[in-house]
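These notes concern the structure reproduced below.
The values are calculated or read from the model by the stated rules, or taken from the named source; none is laboratory data. Small disclaimer: the values here were computed from a predicted structure and weren't measured. Positions of Cβ are backbone-derived with ideal geometry, glycine not excepted, and every protein chain shown enters the neighbour counts.
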Amino acid sequence: MGSSTINGIAPFTFYGDLLGIASAYRLSADVAHKKLDTFYNTVFRTLGSRCEQQHGRIHVQLFSDSVVIWGRSAVEILEPLQDVYLDLISQNLLLRGALVDGALEKEPRVEVKHFRKFLPSNDTLARAVGLEKTAKGARLLIESSLAHKLLAGHEKWLTLEGYIGQPYPDVPLASPLRRICPSPSGTCYELLYFWRRPSTTQAGIENGTIADRIKEVAEFQDAEVALHLRETLKILKRSEIRSRHPVN
């Protein structure tokens, strides 16, 4: 289980799935297909070129309403994942996922043209799926062991109190490490992806618009869907609170 960190590189596996696709299919197969098409295009637009440029350091597999990403360096995938989450939510799509320690490994299997096999040989995918299911809302959870590796050298940030008390001014404001936060459950960490990078213009206005839209949509949903939306609003709020104390 897990992996070692070599020269700051921590291998990772991410699993995420779209919330609400089953409900979309009940309304119309065409509606669901359009949502999945947007999902696939968004992930490809953000990660496709990275996969080509990094020559095997990042792998992405999309199927149905899910995405699996694995590779050599977790710190390098945090910013692209933030972009994917924000791009999807701007298109009214909620992704819930989890990032765990260790890269996915697959058994080599005999295949033919129309018979493909995908048999994991380690537990990283199972752990990512299991962690993802523990939360409500469009969350990006991070397994505790991986968060500890990502924040090696900045250990005080492993607690909320330590983050406020030790600003580590050498870490750039744009660094995704500043957006790692203990989850409310106390069982793992999460990425506060609504805390946009300084280069993003009108971040507060964008977040406000998204918050208003989510609140409105929640009024028309059943209790389960409304809960996912309310939990997503809480992530937005936590992101804004954390961003107020970046280098105090």
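Pairing each residue of the range 196-207 that is loosely packed, with under 10 Cβ neighbours inside 10 Å with any residue that is modelled with pLDDT of 85 or more, provided the two are 6+ apart or on different chains, yields C-beta distances under 8 Å for Ser199/Ala174. Tell me whether the range 90-104 contains one or more residues that are farther than 27 Å from Tyr189 by Cβ and out of contact with any Cys (no Cβ under 7 Å at 6 or more places or on another chain). Taking every residue of the range 90-104 in turn, none turns out to be farther than 27 Å from Tyr189 by Cβ and out of contact with any Cys (no Cβ under 7 Å at 6 or more places or on another chain). The set of residues in the range 43-65 that are of a type in the set (Gly, Ala, Ser) and within 17 Å of the chain's Cα centre (by Cα) contains only Gly48. Step by step: first the residues of the range 146-167, then only those that are in contact (Cβ under 8 Å) with a residue 60 or more places away in the chain and of a type outside the set (Lys, Arg), then the one that is farthest from Ser73 (Cα to Cα). Which residue is that? Top of the filtered list is Ile164.
Which is of a type in the set (Val, Ile, Thr), on the phi < 0 side of the Ramachandran plot, in a helix (DSSP H, G or I) and modelled with pLDDT of 95 or more, of Val67, Val43?
Val43
Hey, among Gly20, Gly16, which residue is of a type in the set (Gly, Ala, Ser), surrounded by 18 or more Cβ atoms within 10 Å (Cβ to Cβ), out of contact with any helix residue (DSSP H, G or I) (no Cβ under 6 Å at 6 or more places or on another chain) and at pLDDT 95 or above?
Details: Gly20 fails: at pLDDT 95 or above.
On inspection, the qualifying residue turns out to be Gly16.
Scanning the range 226-235 for any residue that is assigned to a helix (DSSP H, G or I), of a type in the set (Gly, Ala, Ser) and farther than 20 Å from Asn92 by Cβ turns up nothing.
Return the only residue of Leu36, Leu95 being buried (at least 19 other Cβ atoms within 10 Å of the Cβ) and not small (Gly, Ala, Ser). Step through it out loud before you land on a result.
On the way: Leu36 fails: buried (at least 19 other Cβ atoms within 10 Å of the Cβ).
None of the other options fit; the residue is Leu95.
If I filter the range 124-137 for residues that are of a type outside the set (Gly, Ala, Ser), modelled with pLDDT under 95, crowded, with 18+ Cβ neighbours inside 10 Å and at negative phi, do I get at least one hit? No: the range 124-137 contains no residue that is of a type outside the set (Gly, Ala, Ser), modelled with pLDDT under 95, crowded, with 18+ Cβ neighbours inside 10 Å and at negative phi. Going by the conditions given, is Ala152 outside any helix (DSSP H, G or I) and either of a type in the set (S, T, N, Q) or closer than 17 Å to Pro182 by Cβ (or both)? Criteria met by Ala152. Restricted to the range 208-225, and to residues there that are loosely packed, with under 11 Cβ neighbours inside 10 Å and part of a helix (DSSP H, G or I), the residue that is modelled with the lowest pLDDT is Ala223.
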